[in-house]
Amino acid sequence: MTKYTDKTERVKHMSIDLFKAFASVKEDKNWIKKILIGGLPMLAAALLDIGSSYLLEKSQYVWSLLLLVLVVVAGMYPLAFIFSTLHKQINSDSNAMSEWNEKNLLLSGFKAAVANLLMGIVYIVLFGVVFCLFLVSAMILQANALLGIIMMLLSIILSFIWILLMYLLLPLSYACYGKTLKITSIVNFKKIFAIFTQNQSKVWLLFAWFILYCIIVTVAYVILVVSVVGILLIPFFTFYLWIVVMNLIAQFGRDVNIDKYFNDAKTVVYADNQSGVN
């Protein structure tokens, strides 16, 4: 174990690189097995969801609900693993993934689901405000064309700001949650805005990498959906992509020295070598 008291000693982490994130997955010697295990419950969840929809059409409400519950439970395990991996990477100098035999994995998945739900509610409320402005604009437009157009333009501008803020702040929310694994950390906007305002160039760099990531992923999915085999591989590929995203966010957390925003930056301990890393 090595103690780093100065973030300049962690210079090898002082960059954010999407291609490093893709390459980091292979640094775990058991990465293939872990990706396959993570993809299986996602594949099961997708099949169960199809079954639930079919039973719902047949008015088999009880069985449909049961399958839907199984979908949620199946999704908890990969969700827990993904955020456990983020927690491990953002708090260390290792790119190793978490372990599937981790204790209380289902409970961790439930916490992650609640955290994401809480964050989703916040963004939905903000979107609701913008949507209401659109409705008000439409009503005003019928009575006063000029005022209605002004309100509509204002709504469009606010919509753009909302989308921009969501994609800028969402990775920061995940970084805060990954740091502590506390549910409220994901909506701790005091810390999120502090990180944003003090590291704007790095936040914009992270945003640019996410844009490129979305383009790459879109092309990859288009290729996969043209064949049955490709469709079956989608859950495994999706799980792999989430691991890549978590590493990118972990890189950002290391780069901005996220420890200092949680009052533990004076002495942080990082492992030189972690199990599962070549």
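Points worth noting:
- Qualifying positions in region 89-136 - more than 27 Å from N257 (Cα to Cα), outside any helix (DSSP H, G or I) and in contact (Cβ under 8 Å) with a residue 12 or more places away in the chain: W100
- Filter result (aliphatic (A, V, I, L, M) and touching a Pro at 6+ places or on another chain (Cβ under 7 Å)) within region 41-64: M42, L43, A46
A quick yes/no check of all residues on (1) modelled with pLDDT of 75 or more; (2) farther than 17 Å from L248 by Cβ; (3) in contact with a Cys (Cβ under 8 Å, 6 or more places away or on another chain); (4) not polar (S, T, N, Q):
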{"residue": "M14", "(1), (2), (3), (4)": "no, no, no, yes"}
{"residue": "K26", "(1), (2), (3), (4)": "yes, no, no, yes"}
{"residue": "K29", "(1), (2), (3), (4)": "yes, yes, no, yes"}
{"residue": "G38", "(1), (2), (3), (4)": "yes, yes, no, yes"}
{"residue": "M42", "(1), (2), (3), (4)": "yes, yes, no, yes"}
{"residue": "L48", "(1), (2), (3), (4)": "yes, yes, no, yes"}
{"residue": "G51", "(1), (2), (3), (4)": "yes, yes, no, yes"}
{"residue": "L56", "(1), (2), (3), (4)": "yes, yes, no, yes"}
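- Only one of the numbered conditions (1) part of a loop (DSSP other than H, G, I, E, B); (2) modelled with pLDDT of 95 or more; (3) of a type in the set (S, T, Y) is not met by Y240, and that is (1).
- Just one of (1) crowded, with 18+ Cβ neighbours inside 10 Å; (2) farther than 18 Å from L43 by Cα fails for W204. It is (1).
- Scoring S227 on the criteria (1) over 11 Å from A21 (Cβ atoms); (2) modelled with pLDDT of 95 or more; (3) of a type outside the set (A, V, I, L, M, F, W, C) leaves a single failure, condition (2).
- Considering I157, I183, I192, the condition of being within 22 Å of G128 (Cα to Cα) and modelled with pLDDT of 90 or more is satisfied by I192 alone.
- The set of residues in region 98-136 being at pLDDT 85 or above and of a type in the set (F, W, Y) consists of W100, F110.
- Filtering region 47-77 to residues that are under 20 Å from W242 (Cα atoms) and surrounded by 18 or more Cβ atoms within 10 Å (Cβ to Cβ) leaves V71, A74, G75, M76, Y77.
The values are calculated or read from the model by the stated rules, or taken from the named source; none is laboratory data. Keep in mind it's a predicted model, so treat the numbers as computed, not measured. When we count neighbours, we look across all protein chains shown, and the Cβ atoms used for this are built from the backbone with ideal geometry, even at glycine.
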